[in-house]
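The values are calculated or read from the model by the stated rules, or taken from the named source; none is laboratory data. Quick caveat: nothing in here was measured; it's all calculated off a predicted structure. Note: ideal-geometry Cβ built from the backbone for every residue, glycine included; neighbour counts use all protein chains shown. What goes into the accessible areas is simple: the full protein's heavy atoms, side chains included, and nothing from ligands, DNA or RNA. Shrake-Rupley method; radii C 1.70, N 1.55, O 1.52, S 1.80 Å.
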Amino acid sequence: MNKSELINIFSEKLEIGEAAASEFVNLFFGSIQQALADGGRVEIRGFGSFELRQYEGYTGRNPKTGIVVDVQPKKLPFFNAGKWHKDFLNRDK
């Protein structure tokens, strides 16, 4: 599923226009992004949590050329699935 498919689902299920559904989806994802950028953690009970993880820089090697490169420190978002989410995905059908 991609973002436009998610917008279409909200639009159909909630019987609202695509513009309103798009605004909701953008606001939802934007709020998560901003909370992470501010150094916070986002927890949606049962579904999972998002947090920002800091990775140190290191010396790497380009596997294709063999050239040694310095990889800069970076921050990456990390998602941890909640119990309800895990149980739902692992249920017997």
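At-a-glance table
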| quantity | calculated |
| --- | --- |
| Residue-normalised accessible area of the range 23-93, expressed per residue, 1.4 Å probe, Å² | 84 Å² |
| Apportionment of accessible area to carbon and sulfur, the chain, percent (1.4 Å) | 55 percent |
| Furthest towards positive pole of dipole, Gly39, Phe28, Val68, structure part the chain, Cβ charges | Val68 |
| Charge dipole (debye, nearest 20) of the chain; +1 at Cβ of Lys and Arg, -1 at Cβ of Asp and Glu | 500 debye |
| In Å², nearest 10: area of Glu56 left accessible to a 1.4 Å probe | 140 Å² |
| Extension gain, Phe88 back to Val69 (0.36 nm per residue minus Cα-Cα distance, nm) | 2.6 nm |
| For Glu12, solvent-accessible area (1.4 Å; no DNA, RNA or ligand), Å² | 140 Å² |
| Structure-derived percent of Cα pairs over 17 Å apart: which label, when the choices are (i) 74; (ii) 58; (iii) 69 | (iii) |
